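Below: the structure, in structure tokens.
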Amino acid sequence: MIEEQPGHQDRQEVPFWFDPLCPWAWITSRWLLEVQQVRPVRADWRIMSLAYLNLVQREGQGLSDDYRELMTKAWGPVRVCAAAAAHRGRGVLGPLYTAIGTRLHNQRRRDDPTVITEALHEAGLPASLASAATSTEFDQLIKNSHHDAFDQVGLDVGTPVLRISGTTLFGPVITPAPRGEAAGQLWDGLVMIASTDGFFELKRSRDRKPSFE
């Protein structure tokens, strides 16, 4: 995991909502860690749920059977993240997300049942938290965190979602993650966008798959 360089005393907290299953959120999260190296910001990791968004808020409309099945499975990892936050505090979400995401995306182990227990061990958390994947005990915590973002950004987007200086935005959706000063320059552009009252959307169709390099 990338750690920001010392020397900046006043860093801007950047709330970043993720679902561990989303490859696009994963790439953007790695970009934000790069930004921490070159700009005085710090990621504030928070959870949202693609399953809740698509199956509950959007009532499953327009989903294929395969995607509906994927969304049903998506409850598991984010529930474990919620259980970890309840157990240790929200500060554990960064290390746990890195541990889960590295295995799911970089190592392409999306169907490996050992991913969660390995990730919990790497983050210094008890393996017993893995049982949260099939429990609804922490669903309200997930929903509360989810609504904190989506009540502002709307339901016609997904993840990643971040908040810059009080403005909640979907994106940036990028591949691969910019590194070094290129990461900082993208951040600078987003800061300008977020400060523009009435700005809503920039978009083009994706023509490539996620790259985790």
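Test each condition in (1) free of Cβ contacts under 8 Å to residues at least 40 places away in the same chain; (2) more than 15 Å from E13 (Cβ to Cβ); (3) over 13 Å from the mean Cα position of the chain (by Cα) for P178 and report the one that comes out false. Just one mismatch for P178, condition (1). With respect to the conditions (1) crowded, with 21+ Cβ neighbours inside 10 Å; (2) touching a Lys or Arg at 6+ places or on another chain (Cβ under 9 Å); (3) not aromatic (F, W, Y), L162 lacks only one, and its number is (2).
Within region 189-213, being of a type outside the set (F, W, Y) and either part of a strand (DSSP E or B) or touching a residue at least 24 places away in the same chain (Cβ under 8 Å) (or both) holds for L190, V191, I193, A194, S195, R206, R208, K209, P210, S211, E213. Residues satisfying the criterion are absent from region 172-192 (criterion: modelled with pLDDT of 95 or more, within 27 Å of A84 (Cα to Cα) and hydroxyl-bearing (S, T, Y)).
For region 1-33, the tally of residues that are at pLDDT below 95 and among the basic types (K, R) stands at 1. On the basis of being over 25 Å from T134 (Cα atoms) and of a type in the set (D, E, K, R), does R110 make the cut? It is false that R110 is over 25 Å from T134 (Cα atoms) and of a type in the set (D, E, K, R). Residue selection: E118 satisfies the criterion of being surrounded by 14 or more Cβ atoms within 10 Å (Cβ to Cβ) and either in contact (Cβ under 8 Å) with a residue 60 or more places away in the chain or not hydroxyl-bearing (S, T, Y) (or both). The residue of region 122-141 that is nearest to A74 (Cα to Cα), among those that are hydrophobic (A, V, I, L, M, F, W, C) and not in a helix (DSSP H, G or I), is F138. Once region 142-155 is narrowed to residues that are hydrophobic (A, V, I, L, M, F, W, C), farther than 12 Å from D19 by Cα and in contact (Cβ under 8 Å) with a residue 60 or more places away in the chain, the residue that is surrounded by the fewest Cβ atoms within 10 Å (Cβ to Cβ) is L155.
Checking each residue in region 50-76 for being in contact with a Leu (Cβ under 6 Å, 6 or more places away or on another chain) and closer than 20 Å to S131 by Cα picks out M71, A74. Exactly one residue out of L93, L104, L155, L125 is over 21 Å from L33 (Cβ atoms) and either of a type outside the set (F, W, Y) or in contact with a Gly (Cβ under 7 Å, 6 or more places away or on another chain) (or both), and it is L155. The residue that is surrounded by the most Cβ atoms within 10 Å (Cβ to Cβ), counting only those in region 31-74 that are in contact with a Gly (Cβ under 8 Å, 6 or more places away or on another chain) and touching a residue at least 60 places away in the same chain (Cβ under 8 Å), is V35. Among the residues of region 12-45, just one is under 17 Å from A149 (Cα atoms), of a type in the set (D, E, K, R) and out of contact with any Asp or Glu (no Cβ under 7 Å at 6 or more places or on another chain), namely D19.
The values are calculated or read from the model by the stated rules, or taken from the named source; none is laboratory data. Bear in mind the structure is a predicted one, so any value in this text is a computation, not a measurement. Virtual Cβ from ideal backbone geometry, glycine too; neighbours counted across all protein chains shown.
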